Amino acid sequence: MADPPPEIDALVSQLTRAEKLSLVRGTRDPEGTATGYLAGVERLDVPPFRLVDGPLGVRAEGERSTAFPASLATAASFDPALSREQAAAMAREATAHGQHALLAPGVNIVRVPHCGRNFEYLSEDPVLASEIGRALVEGIHDEDVVATVKHFVANNQETNRTAVSADVDERTLRELYLPPFRAAVEAGVGSVMTAYNRVNGTHMSDHEPLVTDLLKDEWGFDGYVVSDWYGLETTVGAANAGLDLEMPGVPVEPETGDADEFEWPDGIPDATRAGLFGDPLATAVDDGSVSADRLDDMVSRVLGQMARIGLLDGTERTGELDSQRHRDLAERVAARGTVLLDNDGVLPLSDDADVALVGPHVHEAKLGGGGSSETTPFVSRSPVDGLKSRATGSVTTARGVEAIESVSLFDLLPFVEGGRDDERSAPDGDPSLSDAVDAAANADAAVVVVRDATTEARDRDALSLPGRQDELVSAVAAANDQTVVVLRSGGPVETPWRDDVAAIVECWYPGQSDGDALASVLYGDRDPGGRLPVTFAPTETYPTSDERRFPGVDGVAHYDEGVFVGYRYFDATDSVPTYPFGHGHSYATFEYGDAVAIDESTVEVSVENVASRRGREVVQAYVRPPSVDGVERPRRELAGFESLSLSPGESRTVSLSLNDLAFSRYDADRGWTVDAGAYTVEIARSARDVRETVTIDR
Ligand code: NOJ
């Protein structure tokens, strides 16, 4: 157990047993806005402590906040500095809502393309997820709010999420799933949320080897570990495993029917079970099965974070909500996360082009996926709003096919309220495919906007677009050879019509500024700044296309693919992805000079913009290890990246710092190991587009 600072120690020594217990178990927020609440100890001037969701903006119950782009879009920016700005803005909004801890960022590795929460996560790659995650933690802490990195660990699917065991070997955990959490700890994260699932048979809230031995002792994490909501399995097991705070701590009673008879849908924790850190913990401390020191440690960790953000000095907290700079930032991140997958020259659109804007949801902004990250914004801009205010040519709209039903975990529960409340409904009348085709045939260019529907607590059952959207794209493309498809998805989707369209743009879930960000990219006011943080590939070629691996059999998801996740798997199987990790076009064109190794972890390369327009390039460095007998390693691993914006004809030298992770492998007996030999560093535009190489000896 870490020694708390003396002032916290002194405070803890003044607390009664009951007061200590009240600081490790949530209760109801009298104001009803917080996702989790501690009442504080008035007698000792310890104020209430409010925790709030989540990664896409602040979900204070019944309140509005800026709806930022989904985390996957933020990560697609490959821009830690901008990610940090977004996180700081979310933290200012949390403060404006009287909240103190943000339940973000989510840093689980995108292992399964179907996972319903991929939009809340960052990448299939641990270095990208670590760098963006670290920046998000720093941004939240910049504004004196506690960041909560989640969900620790191996929460990579929603199917059976409250019970499934992720059976994964130590090397894979260390090399792939743990690094983003470790980066968060290095960044000084204040809180870690345990996952609902089990790892190698043990529920994460009870997982002493991972929570105490690794997170706290080996990595030196000195904040508090909070359970996921209703995610606590045991009292003694959890307290002794290192869990510090139970949330929400109070049970929910179904308003309708008998709680015992209510059948909890898959993926939904039993919300009638809460309070394990209430009386049962008091009893456990009395009978010695949990030590009094452990309880003091739990309390110290919570108070330590309250002190760190200034809550115990009574400092006045002023936040900022829905300011112009937050609106602008939401738009900037959305554009910077937009990935231009294909372009045969139709983009950027000319200002005066007559455009047919087609799709079942062109009248609403795509805010996010379903679940605890749902944020209700003050303003939102649909594709129609964005294109109509930007275009000088005409913009004709048609829905084409029936709306895609959005799904939310809140709909699954008759007695838990939540979710956003302002999705705009479509105009009256039935959509008509022939109206869409006519509009496209009579326009200079057609823009077809399509989406998937994902939510927490459910995985997608297919990577194809739901409803009749593929049919819509094909029909429009047949009517107009200048068809641009705009995807909004929470991960990879299938694009069977890609050879028939002129351009494809992936916006993920762009948030409240959807339409304005989209128009700025389509008309070339901004360069499409994003690159793919996940591989797009045919469904059957993913490593998790086998039931044993996903969703698992007999309650176990076997991580048999080991470290071969995402592009590492496509390299190992020599299969060709539809769009590789790191891919994304700029409107400009770049040429690379020779790469030079400056030292064993720095490479420099010059990049020149040879186009006649300004553009943004994301320079990526992958490391190829030397081969070692008996050791299987990924062919290449992302080691670093840098982005830069260049004017026409401008050239600049980029310095890339290479992350040690890409050189190291974890050996169960020897720990982290760097094999001696020559490492090839590939300077690339994607995992499949290598421009220069240089060798580093280690
Ligand atoms: C469950 C989700 O898994 C977690 O991410 C969220 O923060 C909590 N619910 C609170 O809403």
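For segment 329-468, what does the alpha-carbon gyration tensor say about shape, rounded, prolate or oblate, given a ≥ b ≥ c as the root eigenvalues, a/c under 1.5 as rounded, and a/b over b/c as prolate?
Verdict is prolate for segment 329-468.
What does the net charge come to around ASP599 if you take all other residues with beta carbon closer than 15 Å to its beta carbon, with K and R at +1 and D and E at -1?
-3
Cross-link partners among aspartates and glutamates for LYS388, C-alpha distance below 12 Å, same-chain residues fewer than 8 apart left out?
Excluding near neighbours in sequence, the set is ASP351, ASP352, ASP354, ASP516.
Can you tell me the FRET efficiency between ARG698 and ASP669 if r is taken as the Cβ-Cβ distance and R0 is 22 Å, rounded to the nearest 0.05?
The value I calculate is 0.65.
Where both residues lie in the chain, what percent of DSSP beta bridges are antiparallel, nearest 5?
So the antiparallel bridges in the chain amount to around 60 percent.
Can you put THR695, THR235 in order, fewest other beta carbons within 10 Å first?
Going from sparsest to densest Cβ surroundings: THR695, THR235.
Relative contact order (percent) for segment 1-123, with alpha-carbon contacts under 8 angstrom and 6 or more residues of separation?
21
Quote to one decimal, in nm, the extra length available between SER474 and ALA10 on full extension: 0.36 nm per residue of separation minus the C-alpha distance between them.
160.1 nm
Rounded if a/c is under 1.5, else prolate if a/b is larger than b/c, else oblate: which is segment 490-617, with a ≥ b ≥ c the root eigenvalues of its Cα gyration tensor?
oblate
What is the angle, in °, between the Cα long axis of helix 126-142 and the longest principal axis of the Cα atoms in the chain? Nearest 10 is fine, range 0 to 90.
Helix 126-142 sits at roughly 60 degrees to that axis.
What is the gain in length, in nm to one decimal, between GLU218 and ARG548 on full extension, counting 0.36 nm per residue of separation less the C-alpha to C-alpha distance?
115.6 nm
Would you mind checking the tilt of helix 80-96 against the longest principal axis of the Cα atoms of the chain, expressed as 0 to 90 degrees and rounded to 10?
With rounding to tens, the tilt is 50 degrees.
Given the Cα atoms of segment 72-193, and with Rh set as the inverse mean 1/r over their pairs in the Kirkwood sense, what is Rg to Rh to two decimals?
We get a ratio of 0.97 for segment 72-193.
Using C-alpha positions alone, give me the convex hull volume of segment 204-362 per residue in cubic angstrom.
Per-residue hull volume (Cα only) is 269 Å³.
How far is helix 324-336 tilted off the main Cα axis of the chain, in degrees rounded to 10, range 0 to 90?
60
Below 8 Å, C-alpha to C-alpha, sequence gap of six or more: please give me the relative contact order for segment 190-343 in percent.
Computed over segment 190-343, the figure is 20 percent.
What value does the chain have for Rg/Rh, both radii from Cα atoms and Rh as Kirkwood defines it?
Using Cα coordinates only, the ratio equals 0.97.
So what is the 222 nm mean residue ellipticity for the chain from helices alone, if each DSSP H run of at least 4 adds -39500 (n - 2.57) and you divide by all residues, rounding to the nearest 500 deg cm²/dmol?
Counting only the DSSP helices, I get -6500 deg cm²/dmol.
Which order results if LYS20, LYS366 are arranged by neighbouring Cβ count within 10 Å, fewest first?
Ranking LYS20, LYS366 by Cβ neighbours within 10 Å, fewest first, gives LYS20, LYS366.
Rounded to whole Å and sorted largest first, list the principal axis extents of the Cα atoms in segment 1-144.
Ordered largest first, segment 1-144 gives principal extents of 48, 37, 28 Å.
What is the spin-label model distance, in nm, from LYS388 to SER627 if the labels are put 7 Å beyond Cα along the C-beta direction?
6.2
Taking only C-alpha pairs under 8 Å that are 6+ residues apart, what is the relative contact order of the chain in percent?
For the chain, the relative contact order is 15 percent.
How much length is gained if the chain between SER291 and GLU170 is pulled fully straight, taking 0.36 nm per residue apart and subtracting their Cα-Cα distance, in nm to one decimal?
Between SER291 and GLU170, full extension yields 40.6 nm more.
Here, each number is a calculation from the coordinates, and none is a lab measurement. Predicted, not measured: the structure shown is a model, and the values here were computed from it. Cβ coordinates were reconstructed from backbone atoms using ideal geometry, including for glycine residues, and neighbour counts include every protein chain displayed.
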